[in-house]
Amino acid sequence: MGEENIYNIQWFPGHMAKTRRMITESLPDVDAVIELRDARIPLSSKNPEIERLCSSKPRIVVLNKSDLCDPDELPLWIEAEKKKGAVCIGVDSSSGKGVSTVGRSVASACAEKIERNRQKGFSVRIRAMVVGIPNVGKSTLINKLAGSNKAKAENRPGVTRDRQWVKTDYGFDLLDMPGVLWPKFDNKICAENLALTGSVKDDILDIESLSIVLIDRLKSRYYSLLAARYKIPQQQREADAVELFELIARSRGMITRGNEIDYERASRMLIDEFRSGKIGRITLDRLNRCLI
Ligand code: GDP
């Protein structure tokens, strides 16, 4: 644990226990698991135990919010997952881009079971569930996969009674409640990435420190995006994160009556603009850390 104490994460053990319970209770009822991650942080948004917990089922890794991530990085992350043997798809659940590929992948991951049932003369529908850490877009994806099939699929014998299933257009039913997993906090960078993308509550790190962390991350790889959005001259390239923050705040007129920087307002603006993709398409995790 170590470093994360400074990030005020006290709920970690409780979440771990809840996740294990959720997975152990729901897993026997499904044929496949759709694991959602945030394409801006494919590593930090990964639950550390998911592979082990779900090893008995086909798993489809979805890098969601791909509309917000660096378009040059996305194929590299997908490739890295594929090399590890996973099915991995970049998706934008907001617009629906890639959702049909997810649907078809669940069906093809379960093709053997479908064929076995067919040969036995059964027409049992395949069932899947969506799991992921908070705010990665689980509900949005479930809604998109369900499409116009708002009617609930019937409960079948053997399926836990209090669970509801929705039909999808892809020949499988989906647990209509997402499985919420705890995020990975095994180092400071992961915790910061989760805070920056809004996957953990904002009180994990004060907003002003968070905005300095953001600039520090962006200033080497994404300086041109920052410079273009906030009209920072090229010659400021060597400025440190605090200096850049002040230039950004001033360029947006975020100054108090006493001509002081309004740190709180400028920080909120920066974090909001990053989260909504206004600064540009950005990937915070570094792929080389994933391959170590
Ligand atoms: P959950 O907590 O995992 O169920 O996440 P939600 O489905 O509630 O989504 C969290 C936020 O992310 C909402 O504001 C969604 O509109 C937004 N969101 C979900 N998927 C996408 C996506 O692919 N792209 C973008 N830009 N936003 C998304």
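The values are calculated or read from the model by the stated rules, or taken from the named source; none is laboratory data. All values reported here derive from a predicted model rather than from experimental measurement. With ideal geometry, Cβ positions are generated from the backbone for all residues, glycine too; neighbour counts draw on all protein chains shown. Just so you know, the surface numbers come from the protein's heavy atoms only, side chains and all, with ligands and any DNA or RNA stripped out. Shrake-Rupley method; radii C 1.70, N 1.55, O 1.52, S 1.80 Å.
The ratio of the alpha-carbon radius of gyration of the chain to the globular-protein estimate 2.2 N^0.38 Å is 1.12. The angle between the Cα long axis of helix 74-83 and the longest principal axis of the Cα atoms of the chain comes to about 40 degrees, rounded to the nearest 10. If you wrap the tightest convex hull around every Cα atom of segment 6-176 and split its volume per residue, you get 130 Å³. Simple spin-label estimate for Ser108 and Glu208 gives 5.3 nm between the two label positions (7 Å along the Cα-to-Cβ direction from each Cα). For the pair Arg221 and Asp272, the difference between a 0.36 nm per residue extended length and the Cα-Cα distance amounts to 16.4 nm.
Positive contributions from Lys and Arg (+1) and negative ones from Asp and Glu (-1), summed over other residues with Cβ under 14 Å from the Cβ of Glu112, come out at +3. Local charge sum around Ser56 (other residues, Cβ-Cβ under 13 Å, Lys/Arg +1, Asp/Glu -1)? After counting each charged neighbour, the total is +1. Ordering Ala239, Gly179, Ile133 by the projection of their Cα atoms onto the charge dipole of the chain, which places +1 on the Cβ of Lys and Arg and -1 on the Cβ of Asp and Glu, puts Gly179 at the extreme positive end. Quick one: helix 241-251 against the long Cα principal axis of the chain, what's the angle to the nearest 10°, folded into 0 to 90? The angle comes out at about 80 degrees. Which of Trp165, Ala17, Ser66 sits farthest toward the positive end of the charge dipole of segment 6-176, with +1 on the Cβ of Lys and Arg and -1 on the Cβ of Asp and Glu? In segment 6-176, that residue is Trp165. Given +1 at the Cβ of Lys and Arg, -1 at the Cβ of Asp and Glu and no other charges, the dipole of the chain around its Cα centre is 1240 debye to the nearest 20.
Seen against the Cα atoms of the chain and their longest principal axis, helix 263-275 is set at about 40 degrees. Rank Lys84, Lys219, Lys65 by mean-square fluctuation in a GNM of the chain with C-alpha springs under 10 angstrom and give only the top-ranked residue. Per the Cα network of the chain with a 10 Å cutoff, Lys84 tops the list.
Distance between the pseudo-spin-label points of Glu243 and Arg21 (7 Å out from Cα toward the beta carbon): 5.3 nm. Hey, any idea what % of the chain's accessible area is carbon plus sulfur with a 1.4 Å probe? Carbon-and-sulfur percentage of accessible area, whole number: 50. Take segment 6-176 with all the other protein chains still there, run a 1.4 Å probe, and you get 47 Å² of accessible area per residue.
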